[in-house]
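Peer 1: Here it is: the structure, laid out below.
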Amino acid sequence: MMRKLLFYFLLSVSALLLFFPILYALSASFMEPHEIYAGKLLPSSISFDAYKEVFESIPLMHYLMVSFWMSFIVMVGQLIVSSLSAFAFVFIPFKGRDLIFYLFLATMLIPWEATIIPNFLTILNLGWVNTYQGLTVPFFALPFGIFLLRQHFLTIPKELWESAQMDGCSRFRFYWKFALPLSKSSLSALGIYGFLTTWNMYLWPLLVTDSDKVRPVQIGLKMLIANESSSSWNMVMAAVISILLPTLLLLFIGLKWIREGLTAGAIKG
Amino acid sequence: MQEKKHSQGSNQSLKKGTSSSTVLTKVTHARPKNSDSANKDGIRPTQSRQNKQPGSRYHSQSRLFMSGMVYLLPALVLLGVFLFYPMAKTLYFSFFEVSGGGQVQEFVGLKHYRELLHSTEFIKSMKATLLFVLYTVPAEIIISLFLATIASEKLKGIGFFRTIFSSTLGVSVAAGATIFLFLFHPSLGVLNVILETIGINPIEWLTNSKWALFSVAMTTVWMHIGINFIILLAGIQNIDQELYESAQIDGAGYWARLFKITIPLLSPVLFFVTIIAVIGAFQTFGQIDILTGGGPAGATNIIVYSIYQNAFSYGNFGFASAQAIVLFVLILIVTVVQFYFGEKKVHYQ
């Protein structure tokens, strides 16, 4: 009994400390400016004025939509490209397959940040600055996603592919009708991971967008901090909460898949 | 790689004549490989037609190669254009004087690298980067390991705590850094408000060069706890429960079980998390851009931020490319060293 109480105590204190920054941001977003100045922890009453103000003063809704589409496009792109490659690595035993696999493995050694200068020039030369292509296409090939799905495809019994072949099933049909549906859990994990990381991306959109046209919300937030005076912290926190809400919800709903999918590589590999 | 092992293993075990059950299971695993060679031998009616043509063996090999390539093409093209080519181009740029628009002007050999070695700014930046790794990695691992340990208890409502502990994975670098920018605010920030109420002088979290890097590190640790926690918790849950049960029968207490079972068996996962954390620290950018802009006086100008500034604020592409190569080599060394030493110390199940 004492043991249980001790653990609940540790868990509660840790949860409170860890979640404090988010709780405080939420609390501040409901405050009036004078309450912020007074350094209060909790608002005297819940006011949505800061939300109204921030959505009216900057195109926050537009930024959120841009982030949504950007993340959605990257997610779909990653799922298609990764699953096609993983399928080839498992179901097509062609010559040189191992060599290409090691080539893909070696990409893990290249920090993406070390390539930003030529990548920026590529986007510039393609005329992709301020476009969705520029924001998304460079991230479609995700070696981590390829390894994750390869790991899952390896668990599909090879007899299934054999008997499908005997029934005259083409390779692509097998990929589409069997391999993908049988890997729903890994695909979900990868999809959620891709969406989250793209939504949270910062350096690349900073480089390849310089107008509101396709400005993701993370960069919108930076502009808000840079332009607003310190008096409007309640507005800034309202913007922060609006940005956090979609990803936190997605994380809470998809946590089960993420834990199963993302940890498989670290634990079993 | 795995299926290859299986197919080889099956042939060997057949020859050696090991127990029939293992042979059977291995043979079923090995089948696909055989089935592809079976195509050539014409076991199946559809394939036998092909077999009548001369040179069909070569034909089916090249057909397999072609279809493999079709499936791999998108990834190969994308990795080529956005990873391998720019990595090579960065190396190329590092030997040249390059204008802000990307025009290569003249070959300068190792000039940029020599400048790097003599640049006080770069040496300061490297020191800050290494210090940043020291500030973040151990703290991240210790805190996440603690949280994973207490969250692995089987208690009612534990799911709620696990969700909270995972939550910072859903916090973007911009949003997280903005919250901390507010927490660190010299007069309005809650951290200084707390310090003042307990009678301690307020701290200039972001404007004092002694504190700024520590403050950025604190923000980073907080943001990275979520993912490390998720991986470590899964690692703990993956440990065989019977080990704990038999340890308990032997009278081992909580601490003995933690240090004699959990942590040794978790070492491969801890090792993996450490690599990810070190590499993550080297790649830090967003929190610095929002919190300090590399300041005060370059105290938080760690490597990726420095590359960004030299390239995109000062248009010094050649010099920034040389820095990017240093970043590449640094991460390469860390990975190799960690694998080399980790391989020896780590306990694999």
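Peer 1: Take region A:88-107 and flag every residue that is at the interface with another protein chain (Cβ under 7 Å from one of its Cβ atoms) and within 25 Å of the chain's Cα centre (by Cα).
Peer 2: Matches in region A:88-107: A:T107 only.
Peer 1: Quick check on A:S183: is it more than 30 Å from B:V98 (Cα to Cα), buried (at least 20 other Cβ atoms within 10 Å of the Cβ) and more than 10 Å from chain B (Cβ to nearest Cβ)?
Peer 2: Yes; evaluated as a whole, the condition is true for this residue.
Residue by residue, here is whether (1) without any contact (Cβ under 8 Å) to a residue 40 or more places away in the chain; (2) under 28 Å from B:Y308 (Cα atoms); (3) touching a Leu at 6+ places or on another chain (Cβ under 7 Å); (4) in a helix (DSSP H, G or I) holds:
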position	(1), (2), (3), (4)
A:W161	no, no, no, yes
A:A164	yes, no, no, yes
A:G168	yes, no, no, no
A:K184	yes, no, no, yes
A:T197	yes, yes, no, yes
A:V214	no, yes, yes, no
A:M223	no, yes, no, yes
A:L245	yes, no, no, yes
A:L251	no, no, yes, yes
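Peer 1: Would you check if there is a residue in region A:55-62 being within 15 Å of A:L245 (Cβ to Cβ), open to solvent by 70 Å² or more (accessible area, probe 1.4 Å) and not basic (K, R)?
Peer 2: Yes - at least one qualifying residue is present in region A:55-62.
Peer 1: Restrict the check to region B:182-190 and report whether at least one residue is closer than 28 Å to B:T274 by Cβ, under 22 Å from the mean Cα position of the chain (by Cα) and open to solvent by less than 20 Å² (accessible area, probe 1.4 Å). Steps first, please.
Peer 2: Our first condition is that a residue be closer than 28 Å to B:T274 by Cβ; within region B:182-190, this holds for B:183-184.
Then drop every residue that is not under 22 Å from the mean Cα position of the chain (by Cα), which leaves none.
Scanning region B:182-190 turns up no residue that is closer than 28 Å to B:T274 by Cβ, under 22 Å from the mean Cα position of the chain (by Cα) and open to solvent by less than 20 Å² (accessible area, probe 1.4 Å).
Peer 1: Can you tell me how many residues in region A:123-134 are crowded, with 20+ Cβ neighbours inside 10 Å and closer than 20 Å to B:G315 by Cα? Give the steps one after another, and end with the answer.
Peer 2: Quick first cut of region A:123-134, residues crowded, with 20+ Cβ neighbours inside 10 Å only: A:123, A:134.
This time we only want the ones that are closer than 20 Å to B:G315 by Cα, so: A:123.
Residues in region A:123-134 being crowded, with 20+ Cβ neighbours inside 10 Å and closer than 20 Å to B:G315 by Cα: 1 in total.
Peer 1: Looking at (1) exposed (fewer than 14 other Cβ atoms within 10 Å of the Cβ); (2) at the interface with chain B (Cβ under 9 Å from one of its Cβ atoms), find the lone condition where A:F9 falls short.
Peer 2: (2)
Peer 1: Next question, about the same structure. Identify, by number, the condition in (1) more than 8 Å from chain A (Cβ to nearest Cβ); (2) under 23 Å from A:N234 (Cβ atoms); (3) crowded, with 20+ Cβ neighbours inside 10 Å that B:V173 doesn't meet.
Peer 2: (1)
Peer 1: Continuing with this model, one more query. I'd like to check which helices (runs of 4 or more DSSP H) are fully inside region A:87-157 and have at least 1 residues that are under 18 Å from B:L76 (Cβ atoms).
Peer 2: Output list reads A:97-106, A:116-125, A:143-153.
Peer 1: Moving on. When B:E245 is evaluated against the numbered criteria (1) out of contact with any Asp or Glu (no Cβ under 9 Å at 6 or more places or on another chain); (2) surrounded by 14 or more Cβ atoms within 10 Å (Cβ to Cβ), which criterion, by number, is the only one it fails?
Peer 2: Only one criterion in (1) out of contact with any Asp or Glu (no Cβ under 9 Å at 6 or more places or on another chain); (2) surrounded by 14 or more Cβ atoms within 10 Å (Cβ to Cβ) is unmet by B:E245, namely (2).
Peer 1: Another one. Read through the list (1) at the interface with chain B (Cβ under 8 Å from one of its Cβ atoms); (2) free of Cβ contacts under 8 Å to residues at least 12 places away in the same chain, then give the number of the only condition that A:S85 fails.
Peer 2: For A:S85, the exception is condition (2).
Peer 1: Kindly indicate whether any position in region B:82-105 is of a type in the set (S, T, N, Q), open to solvent by 10 Å² or more (accessible area, probe 1.4 Å) and in the same structural domain as B:Y244 (by TED's automatic domain parsing).
Peer 2: For region B:82-105, residues of a type in the set (S, T, N, Q), open to solvent by 10 Å² or more (accessible area, probe 1.4 Å) and in the same structural domain as B:Y244 (by TED's automatic domain parsing): absent.
Peer 1: Test of understanding: among B:T292, B:T284, B:T274, B:T219, which residue is under 17 Å from the mean Cα position of the chain (by Cα), among the polar types (S, T, N, Q) and at pLDDT 90 or above?
Peer 2: B:T284
Peer 1: Let me ask you something else. Within region B:258-277, identify whether any single residue is within 30 Å of B:F122 (Cβ to Cβ), open to solvent by less than 30 Å² (accessible area, probe 1.4 Å), part of a loop (DSSP other than H, G, I, E, B) and touching a residue at least 24 places away in the same chain (Cβ under 8 Å), and answer yes or no. Reasoning before the result, please.
Peer 2: Initial filter on region B:258-277 (within 30 Å of B:F122 (Cβ to Cβ)): B:273-277.
Still in the running and open to solvent by less than 30 Å² (accessible area, probe 1.4 Å): B:273, B:275, B:277.
Retained after the next criterion (residues that are part of a loop (DSSP other than H, G, I, E, B)): none.
No, region B:258-277 contains no residue that is within 30 Å of B:F122 (Cβ to Cβ), open to solvent by less than 30 Å² (accessible area, probe 1.4 Å), part of a loop (DSSP other than H, G, I, E, B) and touching a residue at least 24 places away in the same chain (Cβ under 8 Å).
Peer 1: Only residues that are closer than 24 Å to B:G226 by Cβ and open to solvent by less than 10 Å² (accessible area, probe 1.4 Å): list them for region A:203-235, please. First the steps, then the outcome.
Peer 2: Here is the first cut: in region A:203-235, the residues closer than 24 Å to B:G226 by Cβ are A:203-206, A:216-222, A:225.
Once the filter is applied, which keeps residues that are closer than 24 Å to B:G226 by Cβ and open to solvent by less than 10 Å² (accessible area, probe 1.4 Å), region A:203-235 yields A:W204, A:P205, A:P216, A:V217, A:Q218, A:I219, A:G220, A:L221.
Peer 1: Here are the criteria: (1) in a helix (DSSP H, G or I); (2) closer than 30 Å to A:F120 by Cα; (3) in contact (Cβ under 8 Å) with a residue 24 or more places away in the chain. Tell me which single one B:Y308 does not satisfy.
Peer 2: For B:Y308, the exception is condition (3).
Peer 1: A further question on this structure: Within region B:180-190, take every residue that is part of a helix (DSSP H, G or I) and in contact with a Phe, Trp or Tyr (Cβ under 8 Å, 6 or more places away or on another chain) and give me the one that is modelled with the lowest pLDDT.
Peer 2: Per the criteria, the residue is B:V190.
Peer 1: Just for region A:108-121: of the residues that are open to solvent by 10 Å² or more (accessible area, probe 1.4 Å), facing chain B (nearest Cβ under 7 Å) and modelled with pLDDT of 90 or more, which one is nearest to B:V104 (Cα to Cα)?
Peer 2: Of region A:108-121, the ones open to solvent by 10 Å² or more (accessible area, probe 1.4 Å) are A:108-110, A:112-113, A:120-121.
From what's left, facing chain B (nearest Cβ under 7 Å): A:109-110, A:113, A:121.
So of that shortlist, the ones also modelled with pLDDT of 90 or more come out as A:113, A:121.
Details: A:E113: 21, A:L121: 12 Å.
Across region A:108-121, the extreme among qualifying residues is A:L121.
Residues are listed down the side, and each one gets a yes or a no for (1) over 30 Å from B:F259 (Cα atoms); (2) part of a loop (DSSP other than H, G, I, E, B); (3) without any contact (Cβ under 8 Å) to a residue 60 or more places away in the chain; (4) open to solvent by 30 Å² or more (accessible area, probe 1.4 Å):
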| site | (1), (2), (3), (4) |
| --- | --- |
| B:E121 | yes, no, no, yes |
| B:M126 | yes, no, no, yes |
| B:V133 | no, no, no, no |
| B:E140 | no, no, no, no |
| B:S167 | no, no, yes, no |
| B:T178 | yes, no, no, no |
| B:N192 | yes, no, yes, no |
| B:E196 | yes, no, yes, yes |
| B:P202 | yes, yes, yes, yes |
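Peer 1: Right, here's the next one. Within region B:148-163, is there a residue that is assigned by TED's automatic domain parsing to the domain that holds B:F272, open to solvent by less than 70 Å² (accessible area, probe 1.4 Å) and farther than 19 Å from A:V13 by Cβ?
Peer 2: No.
The values are calculated or read from the model by the stated rules, or taken from the named source; none is laboratory data. Just so it is clear, the model here is predicted, and its values are computed rather than measured. Positions of Cβ are generated from backbone atoms using ideal geometry, with glycine treated the same way; all protein chains shown enter the neighbour counts. These area figures cover heavy atoms from the full protein model, side chains too; ligands, DNA and RNA do not enter into them. Shrake-Rupley method; radii C 1.70, N 1.55, O 1.52, S 1.80 Å.
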